[in-house]
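The values are calculated or read from the model by the stated rules, or taken from the named source; none is laboratory data. Fair warning: this is a prediction, and the values are worked out from it, not measured in the lab. Every residue, glycine among them, receives a Cβ derived from its backbone with ideal geometry; neighbour counts consider all protein chains shown. The protein model used for the area step is the full one, side chains on, heavy atoms only, and it has no ligands, DNA or RNA in it. Shrake-Rupley method; radii C 1.70, N 1.55, O 1.52, S 1.80 Å.
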Amino acid sequence: MNGGDDVVVASEEPLQPLEWKFSQVFGERAAGEEVQEVDIISAIEFDKSGNHLATGDRGGRVVLFERTDSKDQHGSRRDLESTDYSSSRHPEFRYKTEFQSHEPEFDYLKSLEIEEKINKIKWCQTANGSVFLLSTNDKTIKFWKVQEKKVKKISDMNIDPSKAIGNGSSSSNSNSSKPHLANGGSSDKSYNYPSNDFSFPPGGLPSLRLPSVVSHETSLLARCRRVYAHAHDYHINSISNNSDGETFISADDLRINLWNLEISNQSFNIVDVKPTNMEDLTEVITSAEFHPTHCNTLAYSSSKGSIRLIDLRQSALCDSHAKLFEEQEAPGSRSFFTEIIASISDIKFAKEGRYILSRDYMTLKLWDINMDSGPVSTFRVHEYLRPKLCDLYENDSIFDKFECCLSGDGSRVSTGSYSNLFRVFGCAPGSTEATTLEASKNPTRRQVPTPSRPSRSLGNSLTRVVRRGAENTGVDANGNSFDFTTKLLHLAWHPSENSIACAAANSLYMYYA
Amino acid sequence: MAMVDQPLYPIAVLIDELKNEDIQLRLNSIRRLSTIARALGEERTRKELIPFLSENNDDDDEVLLATAEELGVFVPYVGGVEHASVLLPPLETLCTVEETCVRDKSVESLCRIGAQMREQDLVDHFIPLVKRLASGEWFTARVSSCGLFHIAYPSAPEALKTELRTIYGQLCQDDMPMVRRSAATNLGKFAATVEAAHLKTDIMSVFDDLTQDDQDSVRLLAVEGCAALGKLLEPQDCVAHILPVIVNFSQDKSWRVRYMVANQLYELCEAVGPDSTKTELVPAYVRLLRDNEAEVRIAAAGKVTKFSRILSPELAIQHILPCVKELSTDSSQHVRSALASVIMGMAPVLGKDATIEQLLPIFLSLLKDEFPDVRLNIISKLDQVNQVIGIDLLSQSLLPAIVELAEDRHWRVRLAIIEYIPLLASQLGVGFFDDKLGALCMQWLKDKVYSIRDAAANNVKRLAEEFGPEWAMQHIIPQVLDMINDPHYLYRMTILHAISLLAPVLGSEITSTNLLPLVVNAAKDRVPNIKFNVAKVLQSIIPIVEESVVESTIKPCLVELSEDPDVDVRFFASQALQSSDQVKMSS
């Protein structure tokens, strides 16, 4: 209710495919420019109102963007900057601030390096015009507050600052004052304060004055409020806020822990899939998310392609799931890769919490939580890669973890692919919408056919897929022209508008429809 | 820049440091806010200092917390109660910050000030503040407002009272769960100020909403409200309105809610009275004792004694005891442990016969539990049973349990049982101790773990205190002193430590005739660590023994040690010599 745009449910005819247009790009690379590893974006998240966007990168930084076109935004009293697109109605963002969230660390007990890479960012409840967010790397979650702070300039001191700067300078003053210690804890002893029976004149001492503060401008300040550490033996893959506004979960490969936002020194283990003997391990947790409105429901996905729904009310340690969603594999279709590509890399609840979207290597699946027999719909993301699974396995691409997202009204879903492509599907009944876009200034320059067509015809279009910054280079002899290295893993859909933010290496591209 | 008179210099520094870069200095200044206020005088405090503090609201949490706390006791410095309302604005701002502890402190301070304010000032200043906070844009303000209603309400005129009740009702239905939680938490306090007529209508309907909230965390807090509200209502209203809610909660889908009920049920019994307790709450409690979530059973098991105490023995035997039997073999060790920590207290409730017949088998089975905590918990409360049935019935099972714990491979378990040995000794009597436990106490002195040896030495001292010097001389001292010849220097050191502890208990004579010769002998040890510990022990013995003994025995020994080749030995020996001189001088 606070500080949010009211949700405008898209009223387009669901059958009408959206026409996506380029909106903005942040951190665009010049042709041929090398990408610095640390600059590669590793997390994208809109806040609930859609007025803010955060990205995290491999260098441990979090960058915040704020919406500029919205009328009723909080926290920004500055004039809108004049931009080229100032008259448009679609969401426009501008750089707000950035801060170093995580630093590389070394776990001396386990002789492990802990990367600073930001795995996930989640926004928390806004308060008093400040924004709050959780960011996590592999091991440590941090709670950040970003506020506008007045730049203070203090004037009107009682003591001439030139005489009273630093430790002990006041000792030159021959009277009772002893040098004051930088450590304020012990300064009680170092001052000779007038004791309680010291009689002040009834009107006070007119020569004393309070320092006055002159503030000229404000600056944004990010402060780490809490650090939730030492609770995960394995790498954290997700964090998710509860609708109660006071708790959140963090999930690693084998366990899910429940935290109170205000308590950083204890968490409760609520899911533990670690077998007594690690050799019996067949399945790991890949992603977990709280239900958007039911405080006691959470879903987690596994490397075997199943999604489990947990009811926190049932017991303290949720060993048994309330519901299990998985698709029976078609008989005879089993191959060496079946299990690998079934692994779910990301799940998202739709806004009302009725549907869950999941992404595995080849498909997006939409599940109705009231129907555990199978997905409501399945969207093939890059079917033309199926013959190449062997190559993808050899260069480890098959283990890439693509994220997925839903539009605010739940009528469309989106996810990324290789060659900086991403796809948007209509999931409303009867919709055949299936758009392929490229994260570039001209998103529609490649016409990849819809998956309903036979995959053979993909050959033509693939020849046009080329490495960025090196236009018109030809296809190699095998036709392997699409680029494994430019993968679009991270993207997010604006909570109330048709606007998508996606990450192509170090660049953040925004599109609208 | 102004020049300040010399005597004012410290205050001037204090004031300047309100804005220092260093947070410690700012904190220090805030902690001295009353000094600053007195230096400025009441009028300037009102007109300058307080507005200054109102603006100073984006400081670090620690500073804001300190400010909130100081302002709570600031009424005298602004000119007394008639000016108390000037303190409200800075605290109002602090009520809106996002750090919970700052808000809580501000609310606390506001309540403290509000309680002193004159009625008209409350109406003019305090109530508008509550209303502003309750309609605050950010949830933080609304959260804070909930804790202020009980101060605002009593002095409000009738129309305003109605409004305040309405506002509170809205807060209980706020969009933000944080606000609803705060409203649920503070409902009891607010209800206590509301007139009986409105209590049954407005407050109860608000309460009903909270008990049906879809956020578990809100319902949890509503459980706590049950007891508070129940005490305010007439017993028949309580039975009509609160009881069904409690019974519902005890069957809530969420184990956390049931856990809360298990923890609170005892207090709820008081609110509903004995009859309804018997018919409604006992069945509810029995269900909780048999809950399928272990956490709930742990909470419920921990309350069996308290609960039995408010029931008649017959009811307890009829309803509670069967559950206790089941719990004593519960699959969760934590449940058994929680039960073991309170079950001994049931003996006085049930009386001798029922205890022997019903409880004793449970005690005995818990004493054989595979989980050491369970056994320890039983042993630690032995005195409660002893008063009812005597120890004899237990002693046969007790000994194996004690021996097993005494030899447990976890040193923390051994440590825990050592702590209870003096209690056991006093309960079991000298005879039993001599036969069975004496050997154990000696064994611990040679434990592999230092903490155990340390505790064992202390244990020997406590036993000497318990049974007296003579008994000690007969039964433990010879064995202890024997060990001074142990080949391992660490064990010899333990004995030295034990001697220094025993000396004050055993008194001058025994110390000088029995203990001192051994210590002096140990001064010839080949290990320097022993030697400097001898010096330390001698130093501790000096005040205990006769001066002639000091001169004839202790001093020569120390002098010898003070010429030892080892530097540490020399150091401690000379330190002991010095202290002996001091003792002499002071006497």
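A few comments on the model shown:
- Take region B:485-586 with all the other protein chains still there, run a 1.4 Å probe, and you get 49 Å² of accessible area per residue.
- Counting Cβ atoms of other protein chains within 10 Å of each Cβ in B:29-39 and taking the mean gives 3.
- If you take all other residues with their beta carbon under 12 Å from the beta carbon of A:PHE106, and give Lys and Arg +1 and Asp and Glu -1, the sum is -4.
- Other residues lying with their Cβ under 12 Å from the Cβ of B:ILE499 contribute a combined charge of +3, Lys and Arg counting +1, Asp and Glu -1.
- Anisotropy class of chain B from Cα gyration tensor, a/c 1.5 cut: oblate
- Threshold 40 Å², region B:240-281 residues less accessible with all protein chains present than alone (1.4 Å probe): B:LYS253, B:TRP255
- Within the protein assembly as shown: Cβ-based charge dipole about Cα centre, in debye rounded to nearest 20 (Lys, Arg +1; Asp, Glu -1): 700 debye
- Rounded to whole Hz, the Karplus (6.51, -1.76, 1.60) HN-Hα couplings of region B:86-98, x for glycine and proline: 5, 7, 5, x, x, 6, 4, 4, 5, 5, 9, 5, 8
- DSSP-loop GluC sites (Glu not before Pro) across region B:1-102, with at most 16 other Cβ within 10 angstrom: B:GLU21
- Accessible area buried, both sides summed, chains A and B with 1.4 Å probe, Å²: 5900 Å²
- Chain-alone versus full-assembly comparison, region B:165-179, residues with accessible loss of at least 30 Å² (1.4 Å probe): B:ASP175, B:MET176, B:MET178
- Ranked by the mean number of other Cβ atoms within 10 Å of their residues, highest first, the peptides B:436-449, B:341-354 come out as B:341-354, B:436-449.
- Local charge for B:VAL239 was computed over the other residues whose Cβ lies under 14 Å away, with Lys and Arg +1 and Asp and Glu -1, and equals -2.
- The mean count of C-beta atoms from other chains within 10 Å of the C-beta of residues in B:18-24, rounded to a whole number, is 4.
- Packing, as the average of other Cβ atoms within 10 Å across residues, places the peptides B:156-167, B:422-433 in the order B:422-433, B:156-167, highest first.
- For the pair region A:106-154 / region A:281-348, the C-alpha centres are spaced 28 Å from each other.
- Across A:LYS139/A:LYS304; B:LYS105/B:LYS189; A:LYS48/A:LYS365, pairs whose alpha-carbon gap is larger than 19 Å: A:LYS139/A:LYS304; A:LYS48/A:LYS365
- Rounded if a/c under 1.5, otherwise prolate or oblate - region B:91-220, Cα gyration tensor axes: oblate
- Nonpolar atom fraction for region B:485-586, defined as the carbon and sulfur part of the 1.4 Å probe accessible area, stands at 54 percent.
- Derived scalar couplings ³J(HN,Hα) [region A:239-254; Karplus, 6.51 cos²θ - 1.76 cosθ + 1.60; whole Hz; x for Gly, Pro]: 10, 7, 7, 8, 6, 6, x, 10, 10, 8, 10, 10, 10, 10, 4, 10
- Qualifying aspartates and glutamates (Cα of each under 19 Å from Cα of B:LYS278; at least 8 residues distant if same chain): B:GLU234, B:ASP237, B:GLU267, B:GLU270, B:GLU314
- Accessible surface of region A:267-383, 1.4 Å probe, proportion on carbon and sulfur as whole %: 49 percent
- Minimum 40 Å² accessible area buried by the other protein chains, region B:192-217 residues, probe 1.4 Å, relative to alone: B:GLN215, B:ASP216
- Per residue of A:130-137, other chain Cβ atoms within 10 Å of the residue Cβ number 1 on average.
- Ratio of the Cα radius of gyration of region B:485-586 to 2.2 N^0.38 Å, where N counts its residues: 0.98
- The largest-to-smallest principal axis extents of the Cα set in the protein assembly as shown are 110, 86, 79 Å.
- For the listed peptides A:37-49, A:126-138, a ranking on the average number of other beta carbons within 10 Å per residue, highest first, reads A:126-138, A:37-49.
- The distance separating the Cα centre of region B:405-452 from that of region A:421-443 comes to 75 Å.
- Virtual paramagnetic centre 7 Å along Cα→Cβ of B:GLU546, amide N under 19 Å, in region B:501-519: B:503-519
- Scalar couplings 3J(HN,Hα) for region B:339-350, obtained by applying the Karplus form with A = 6.51, B = -1.76, C = 1.60 to θ = phi - 60°, are 5, 4, 6, 10, 5, 4, x, 6, 4, x, 5, 7 Hz; x denotes Gly and Pro.
- Less than 5 angstrom separates the built amide H of A:LEU220 from those of A:LYS149, all sequence-distant by 5 or more or on a different chain.
- The label point for A:LYS274 and the one for B:ARG118, both projected 7 Å from the Cα toward the Cβ, are 6.7 nm apart.
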